[in-house]
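Comments concern the structure below.
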Amino acid sequence: MHYRHEPRFPDNFMWGASSAAWQVEGATAKGGRTPAIIDLNSKKKKPFADNSIASDHYHHYKEDVALMAECGFSSYRFSLSWSRIIPNADRKVNPEGLDFYNNLIDELVKNNIAPIVTLYHYDMPCWLEEKYGGWLNRGVIEEFEYYSKVCFEHFGDRVKYWLSINEQNMQIVYGDWLGVSKGCDNWFEQKWQINHIMNLCHAKAVIACHEMVEGGKIGPVPGMVPIYPETCRPLDQIAAMNAEEFTEKIWNDTYVFGKYSNFVKNYWKNNNIDPKIMEGDEELMAQAKIDFFAVNCYRSNTAKDAPLDAEPREYLLNKDGKKGGLQFPVNPGEFALTANPYVETTDWDWEIDPGSLRYTLRYMWDHYQLPMMITENGFGMHESLGEDGKIHDQARIDFLRDNIYQVGLAIEDGCEVWGYNPWSFTDLLSTGNGMAKRYGLVYVDVTDEQINQAQDISELSLKRIRKDSFYWYSKLIKSNGKDWGRDD
Ligand code: BG6
């Protein structure tokens with residue numbers, strides 16, 4: 001649809017931004033927190049900084065919330081660090097961990113900013129891994145349920161929007177990159193066992209949230225990368241559907257319908273995969289009715305047919321921000337991904353495709369008829385302070401403007417969308433490139449090199465500096481999506 005008018009956003013639309021504990025908090029050894037597997041994983045990514053300091057949000061949270069309020073936020077999506085709340089296998093709840101999150105939540109509420117809280121964003125505690133060997137052990141399910149209940153009990157009076165597991169699909173697709181494959185020796189089969197365990201964790205959290213949080217709503221957070229067929233050749237269309245299944249649809253169907261689809265069941269059967277589903281598991285999954293989808297979406301992909309005799313090729317992400325480092329995968333018999341000549345790409349070879357956000361929202365709405373909120377979308381770039389001490393991030397403004405416009409169009413198309421929370425508010429660590437790949441509306445004055453060299457945190461500035469995109473976004477959201485800041 002083309003419209004003759006500008007898109008309109010609902011009056012109560014939630015405008016904010018997004019983060020995750022291990023990427024923003026720092027203070028990994030403070031306040032009683034114990035290590036998480038992701039800490040160890042992030043240490044392997046040198047020369048990029050690990051997460052011991054990150055944006056030091058742990059010590060700057062008041063200032064950060066004040067900046068959110070100044071910007072005009074009505075929501076903020078962040079995650080809780082499991083090992084800050086439950087630091088050891090004895091399951092004792094850490095009062096200092098609770099204090100930190102209670103203070104942050106109070107500060108948000110005081111400023112009329114609705115907290116949107118993710119229970120799990122890639123940071124399994126090391127104690128859990130030591131006790132059970134990682135995600136592959138069903139013991140994790142009960143621990144996750146216990147942890148979720150602790151969170152609902154302590155924060156549920158003020159937090160009404162809950163997210164279960166961040167990008168479960170991407171954790172399974174990218175295994176090692178996000179640290180979930182620990183303890184596995186046959187990833188091909190075991191990833192489906194881990195996936196099943198994650199589905200049960202998600203289900204337990206959904207059920208507990210509805211039981212414990214008055215007026216609470218909970219949803220999963222799929223990482224959505226919509227797939228276009230390379231051509232109108234029918235085989236390419238089927239390949240695009242395969243890619244969609246293997247990267248996102250299998251997960252979304254399971255969350256909504258509470259059971260595994262014929263597509264994935266046949267795939268397991270044909271490949272002798274035993275996901276280790278036990279009696280009662282699917283009943284539990286069916287009981288867990290989600291209220292909404294939290295949608296992460298940055299880009300699109302393009303797929304083409306890959307015959308059985310095609311040469312297999314691994315998916316290699318661009319890990320340093322030098323254009324051209326990404327390698328598209330070829331999965332014989334399923335699909336191959338390929339470049340899209342119609343879109344530009346970022347320095348990390350991510351497609352710049354605002355229309356993909358509208359496509360995703362339409363797709364999700366058509367398939368599931370559930371409300372959605374955008375919990376991630378954004379533009380990662382190399383950035384450093386200019387001579388004037390400022391950040392003129394016009395490319396990010398263009399990206400956000402074009403993407404938010406598409407959200408508006410999706411709303412005009414009839415999709416129910418509750419809010420938009422781009423990644424990220426302040427600069428924070430990227431999953432693989434530390435501070436070298438920045439997403440924030442607010443610059444944090446620190447580099448990977450400085451973090452790596454500092455003997456003590458007091459040597460670092462960590463000053464917050466509003467970027468041009470902060471001012472642009474502020475105007476847009478204060479006008480509820482009317483002031484696009486265009487020159488015309
Ligand atoms: C999302 C994750 O998939 O992408 C975030 O939920 C992540 O944790 C974001 O930071 C951007 O990816 P990256 O690799 O650029 O940090």
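State whether one or more residues within the range 360-370 are among the hydrophobic types (A, V, I, L, M, F, W, C), modelled with pLDDT of 95 or more and surrounded by fewer than 24 Cβ atoms within 10 Å (Cβ to Cβ). Looking for residues that are among the hydrophobic types (A, V, I, L, M, F, W, C), modelled with pLDDT of 95 or more and surrounded by fewer than 24 Cβ atoms within 10 Å (Cβ to Cβ), one finds at least one in the range 360-370, hence yes.
Matching residues to (1) surrounded by fewer than 18 Cβ atoms within 10 Å (Cβ to Cβ); (2) in contact (Cβ under 8 Å) with a residue 24 or more places away in the chain:
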residue	(1), (2)
Ile404	no, yes
Gly408	no, yes
Gly414	yes, yes
Tyr420	no, yes
Thr431	no, yes
Met435	no, yes
Asp448	no, yes
Ser458	yes, no
Asp468	yes, yes
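Mind checking which residues of the range 299-328 are surrounded by 18 or more Cβ atoms within 10 Å (Cβ to Cβ) and either aliphatic (A, V, I, L, M) or at pLDDT 95 or above (or both)? Of everything in the range 299-328, those that are surrounded by 18 or more Cβ atoms within 10 Å (Cβ to Cβ) and either aliphatic (A, V, I, L, M) or at pLDDT 95 or above (or both) turn out to be Arg299, Ser300, Asn301, Thr302, Ala303, Lys304, Asp305, Ala306. For the range 348-359, the tally of residues that are touching a residue at least 60 places away in the same chain (Cβ under 8 Å) and either more than 19 Å from the chain's Cα centre (by Cα) or open to solvent by 10 Å² or more (accessible area, probe 1.4 Å) (or both) stands at 1. Within the range 1-11, being open to solvent by 10 Å² or more (accessible area, probe 1.4 Å) and touching a residue at least 60 places away in the same chain (Cβ under 8 Å) holds for Met1, Tyr3, Glu6, Arg8, Phe9, Pro10, Asp11.
The residue that is farthest from the chain's Cα centre (by Cα), counting only those in the range 389-424 that are among the acidic types (Asp, Glu) and assigned to a helix (DSSP H, G or I), is Glu412. Note on the range 360-388: residues that are more than 30 Å from Phe48 (Cβ to Cβ) and more than 18 Å from the chain's Cα centre (by Cα) total 8. The set of residues from the range 206-252 being out of contact with any Asp or Glu (no Cβ under 7 Å at 6 or more places or on another chain), in a helix (DSSP H, G or I), open to solvent by less than 10 Å² (accessible area, probe 1.4 Å) and away from the ligand (no atom under 16 Å from the Cβ) comprises Val206, Cys209, Ala240, Ala243, Ile250.
Taken together, Ser52, Ser19 contain a single residue that is within 16 Å of the ligand (Cβ to nearest atom), hydroxyl-bearing (Ser, Thr, Tyr) and under 25 Å from Ile85 (Cβ atoms), which is Ser19. For the range 51-98, residues that are surrounded by 24 or more Cβ atoms within 10 Å (Cβ to Cβ), of a type in the set (Ser, Thr, Tyr) and more than 24 Å from Tyr147 (Cα to Cα) total 1.
Exactly one residue among Tyr122, Tyr132, Tyr101 is open to solvent by 10 Å² or more (accessible area, probe 1.4 Å) and either within 20 Å of His59 (Cβ to Cβ) or touching a strand residue (DSSP E or B) at 6+ places or on another chain (Cβ under 8 Å) (or both), and that residue is Tyr122.
Counted as qualifying within the range 1-88 are the helices (runs of 4 or more DSSP H) with 2 or more residues that are over 24 Å from Gly440 (Cα atoms) and at pLDDT 95 or above, namely 82-85.
For the range 163-192, a residue qualifies if it is among the hydrophobic types (A, V, I, L, M, F, W, C), open to solvent by less than 40 Å² (accessible area, probe 1.4 Å), within 16 Å of the ligand (Cβ to nearest atom) and out of contact with any Ser or Thr (no Cβ under 6 Å at 6 or more places or on another chain), and the qualifying residues are Ile165, Met170, Ile172, Leu178, Val180. Restricted to the range 22-49, and to residues there that are of a type in the set (Lys, Arg), in contact (Cβ under 8 Å) with a residue 12 or more places away in the chain and surrounded by fewer than 24 Cβ atoms within 10 Å (Cβ to Cβ), the residue that is farthest from the ligand (Cβ to nearest atom) is Lys30.
The values are calculated or read from the model by the stated rules, or taken from the named source; none is laboratory data. Treat the numbers as computed from the prediction; the structure is a model and nothing was measured. Cβ atoms come from the backbone with ideal geometry, glycine included; neighbour counts cover every protein chain shown. Note: areas computed on protein heavy atoms with side chains; ligands, DNA, RNA excluded. Shrake-Rupley method; radii C 1.70, N 1.55, O 1.52, S 1.80 Å.
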